[in-house]
1. Filter the range 127-151 for residues that are in a helix (DSSP H, G or I) and not polar (S, T, N, Q) and give the result.
2. Looking at (1) part of a loop (DSSP other than H, G, I, E, B); (2) closer than 24 Å to TYR155 by Cβ; (3) acidic (Asp, Glu), which is the only condition ASP235 fails?
3. Quick one: in the range 29-60, of everything that is among the basic types (Lys, Arg) and in contact (Cβ under 8 Å) with a residue 24 or more places away in the chain, which residue is farthest from ALA113 (Cα to Cα)?
4. Return a yes/no flag: does the range 175-191 have any residue that is among the small types (Gly, Ala, Ser), on the phi > 0 side of the Ramachandran plot and modelled with pLDDT under 95.
5. Please go through the range 13-32 and give me each residue that is of a type in the set (Val, Ile, Thr) and part of a loop (DSSP other than H, G, I, E, B), ordered by number.
6. Starting from the range 184-197, take each residue that is in contact (Cβ under 8 Å) with a residue 24 or more places away in the chain and under 16 Å from SER77 (Cβ atoms) and list its partners that are part of a strand (DSSP E or B) and among the polar types (S, T, N, Q), counting only C-beta distances under 9 angstrom and pairs at least six apart or across chains.
7. Going through VAL232, VAL248, VAL243 one at a time, which residue ends up being surrounded by fewer than 20 Cβ atoms within 10 Å (Cβ to Cβ), of a type in the set (Val, Ile, Thr), within 16 Å of the chain's Cα centre (by Cα) and modelled with pLDDT of 95 or more?
Amino acid sequence: MKKKIDKRHHIESTLMRESLLDKEVMASTETPVVRMLPDVHVIKVGGRSMIDPGRKTLYPVTEALGKILKKGRLILSVGGGVRSRHVFSIGLDLGLPTGVLAQISLADALGNAHILGTLLAPYGVVAIPPEIFGHLLPLFIQSAPGIIFNGTPPYSLWEHPLSIGRIPPHRTDAGSFILSECFGCKTMTFVKDVDGLYDTDPKENSSATFINEISASALKKRNLSTLPFDRVLLDLLNTSRLVKQFQVINGLKPELLEASIKGEHVGTIVHADT
């Protein structure tokens with residue numbers, strides 16, 4: 001009996017017969033990564049530290065960002081500030097799970113994005129709705145000197161559970177860093193209301209020691225009681241491929257913004273181990 005010829009089209013690939021759960025297979029996928037936006041800087045403006053105090057802190061930052069936008073391209077993100085903390089308090093009291101808390105926190109950060117976006121509108125900054133942000137980011141950044149988004153990563157109901165507590169670990173700092181890593185941006189700067197990282201909260205302890213530079217693992221090992229950024233960044237930094245460091249600077253000294261994106265050491269630099 002004549003053997004029937006299989007005329008179906010098969011797509012050949014190195015992974016077609018492999019399990020994506022195998023460690024050796026996963027290791028074999030380590031390849032160079034393309035930088036999509038290598039000349040763009042990401043700046044995260046703190047919600048509670050910079051936006052909530054109002055005009056006295058936000059106007060000088062806005063002016064400093066405006067000067068940068070005349071010469072370079074920026075992706076800006078914001079935090080939710082005091083309103084997110086209020087929503088978290090209500091949600092925790094009601095027993096809402098971490099994924100739901102992550103979902104409802106989106107709105108507060110988006111509101112702050114519109115606030116800062118409005119102030120920066122004269123400089124050509126546009127606020128992009130979250131649902132189309134990632135897909136159209138390269139288009140918008142080619143058309144405008146800067147764009148702004150809410151910073152919250154869209155884990156939503158799929159937010160990772162924590163070993164302690166229920167506050168979502170991937171908040172606006174983490175979302176900003178992940179975006180910077182995905183698009184291969186040039187620098188990642190966090191704008192807070194302190195000079196950088198300290199061994200204790202400098203607002204509560206005047207003798208707190210300033211940390212000029214430190215690796216992610218060394219900082220994680222120290223297990224400080226408080227950090228000026230999302231703690232999950234220490235894990236993200238050591239698994240990133242393109243963004244190998246970020247800097248925390250004091251937004252109450254707005255002149256440091258331009259210095260930071262130029263690569264100057266003007267705050268605390270946290271870097272990957274290698």
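1. PRO130, GLU131, ILE132, PHE133, GLY134, HIS135, LEU136, LEU137, PRO138, LEU139, PHE140, ILE141
2. With respect to (1) part of a loop (DSSP other than H, G, I, E, B); (2) closer than 24 Å to TYR155 by Cβ; (3) acidic (Asp, Glu), ASP235 is out only on (1).
3. Just the residues of the range 29-60 that are among the basic types (Lys, Arg), to begin with: 35, 44, 48, 55-56.
Applying the additional criterion that residues be in contact (Cβ under 8 Å) with a residue 24 or more places away in the chain yields 35, 44, 48.
On the way: ARG35: 25, LYS44: 11, ARG48: 13 Å.
Checking each candidate, the answer is ARG35.
4. Step one: list which residues in the range 175-191 are among the small types (Gly, Ala, Ser), which gives 175-176, 180, 184.
Keeping just the survivors that are on the phi > 0 side of the Ramachandran plot gives 184.
When the remaining residues are screened for being modelled with pLDDT under 95, the result is none.
Checked against the condition, which is being among the small types (Gly, Ala, Ser), on the phi > 0 side of the Ramachandran plot and modelled with pLDDT under 95, the range 175-191 yields no hits at all.
5. Matches in the range 13-32: THR14, THR29, THR31.
6. Correct list of pairs: THR187/GLN245; THR187/GLN247; MET188/GLN245; MET188/GLN247; THR189/GLN247; PHE190/GLN247; VAL191/ASN250; LYS192/ASN250.
7. Going through VAL232, VAL248, VAL243 in turn, the sole match is VAL232.
Condition check ((1) under 16 Å from ILE148 (Cα atoms); (2) without any contact (Cβ under 8 Å) to a residue 60 or more places away in the chain; (3) of a type in the set (A, V, I, L, M, F, W, C)) across all residues:
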position: THR62; (1), (2), (3): yes, yes, no
position: LEU65; (1), (2), (3): yes, no, yes
position: ILE68; (1), (2), (3): yes, no, yes
position: VAL78; (1), (2), (3): yes, no, yes
position: SER89; (1), (2), (3): no, yes, no
position: ILE128; (1), (2), (3): yes, yes, yes
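The values are calculated or read from the model by the stated rules, or taken from the named source; none is laboratory data. These numbers were taken from a predicted model, which means no experiment stands behind them. Counting neighbours? That spans all protein chains shown, and the Cβs are built from the backbone with ideal geometry, glycine included.
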